[in-house]
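Computed from the coordinates by the stated procedures, all read-outs in this text should not be read as laboratory data. Note that the structure is predicted; figures quoted are calculated from it, not measured. As a convention, Cβ positions derive from the backbone with ideal geometry for all residues, glycine included, and neighbour counts pool all protein chains shown.
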Amino acid sequence: MSMSKEPIVIVGTGDFGRALATRLHRFGFKVVLGSRSPSTVEAKVIPQHVELLENKEALQRGNIIIFAVHRQSYEALANEYRDMLKQKIVVDVNNPQTSKKGAQSSGEYLGSLLPESKVVKAFNVISAWALESDSFGGSKQVPLCSNNAEARRIIFQLVRDIGFEPIDRGSLKTAEELESIPFRFFPSWISPVAFSFILLLVITLYEFLRRYVNNGSVNIRQPARLNLNGEFSMFFGIVAFCLLCVLAVCSLPSVINTMSWREWNFAQSGIGHVMIVCAFCHMLTMGTYSMIRRKWTLSSNYRLPSVFYIEIAMGFLVIFLRLLLYTPCLYIPLRKIRHGWERSANGNVKPKGGAELRSYENSYV
Ligand SMILES: NC(=O)c1ccc[n+]([C@@H]2O[C@H](COP(=O)([O-])OP(=O)(O)OC[C@H]3O[C@@H](n4cnc5c(N)ncnc54)[C@H](OP(=O)(O)O)[C@@H]3O)[C@@H](O)[C@H]2O)c1
């Protein structure tokens, strides 16, 4: 654990500023949070042992300043504190809200606003959620860049000291590339996955036509090694198993490190859900037919339900509970809470410390 005598200053008391302050403090750093108006920030949302000061006062306390504010605030902050920030390290954590090729990166923009400061681009690929929770997955790699080699080295060490894996990407010119990472979505996976899926569908359709369609009509009683029920069951079982394999591969640390937060979230949540539905359909198509034949009776000696009953009931319960979370009365407040809102005493969900609900955060949560 590193102990730094000089505090690290974080400007902005929003989700990211507070999460980074918590993380830095956990790893032994002194942290000062800067706010435009500390008196209006609810004391309970500020991490314990972190000092909260007015921006100007906070900036005087350290030489490493982290701007945990949106790009729109950079100009006002730079105009107000340009002199105070001279020769200091200023870290830009911003992510653009949309991915626009060729647009000036926020790292370069901040560099142009503060030509006499040592601007470093870092931490933008880590979400506030991941900063606060180590158990929550996602890549632990933090690429960073700066035109100032010394500043780059200091932030490189800082990233390492708080449990992430720093990657030096060179000069601030690469900031655009760093800012595109959260928008990345399996660029090298899409073609092979689409090809495999189309191939699977074509072969399945071909087999279906070959075995079950006679003179334009579907004959599911035609003798075959498996009946149609069995074919569907096999299909869902194979897809579920393949997705489970993809999930397992996506849970390997070496693979996680190559994934953006958005990709990791999709793999664990999106693929996970499809896998559960396919596994459920596999059990349903496999079990229901024999259950119907047995008229849903309990056939064992001890009158215990068959394993199909249990598996179908469990699958149904999991999917039902998941769908329940998508009902508007649960989904909307949950989404707001995830995006930094909190429930007030009268039961309404309102922004935490004045934070606004932002659409770009969909790429994180
Ligand atoms: N949230 C994430 O998971 C995440 C992940 C990676 C990167 N980031 C980046 O981190 C930055 C902050 O994101 P956030 O989620 O923490 O946003 P946020 O919750 O909206 O907080 C932004 C904070 O900036 C301060 N601020 C607002 N307007 C300002 C102005 N005109 N001048 C000075 N300060 C101002 C406010 O603090 P005071 O009212 O106390 O001054 C506000 O709480 C953004 O650039 C974002 O792209 C966020």
What order do you get for C145, C278, C329 when you list them from fewest to most C-beta neighbours inside 10 Å?
C329, C278, C145
Taking R0 as 51 Å, what's the FRET efficiency between N229 and Q72 from their Cβ-Cβ distance, rounded to 0.05?
0.30
Assuming 0.36 nm per residue, please report the length gained on full extension of the stretch T258 to I310 beyond their Cα-Cα distance.
14.9 nm
For the range 1-152, max minus min Cα coordinate along each principal axis, in Å, sorted largest first?
39, 36, 30
When I89, I271, I332, I10 are arranged by how many other beta-carbons sit within 10 Å of their Cβ, fewest first, they go I332, I271, I89, I10
Arrange the following residues from fewest to most other Cβ atoms within 10 Å of their Cβ: R18, R82, R262.
R82, R262, R18
Point-charge dipole on Cβ atoms (K/R +1, D/E -1) for the range 42-151, about Cα centre, debye to 20
340
Between S180 and S217, 0.36 nm times their residue separation minus their Cα-Cα distance comes to what?
8.1 nm
Quick calc: nm separation of the 7 Å Cα→Cβ label points for Y331 and L200 -> 2.5
May I have the extent of the alpha carbons of the range 152-286 along their three principal axes, as whole Å values ordered from largest to smallest?
73, 27, 17
List every residue whose amide H lies under 5 Å from the amide H of E54, counting only residues 5 or more places away in sequence or on a different chain, with H placed 1.01 Å from N in the peptide plane.
S35
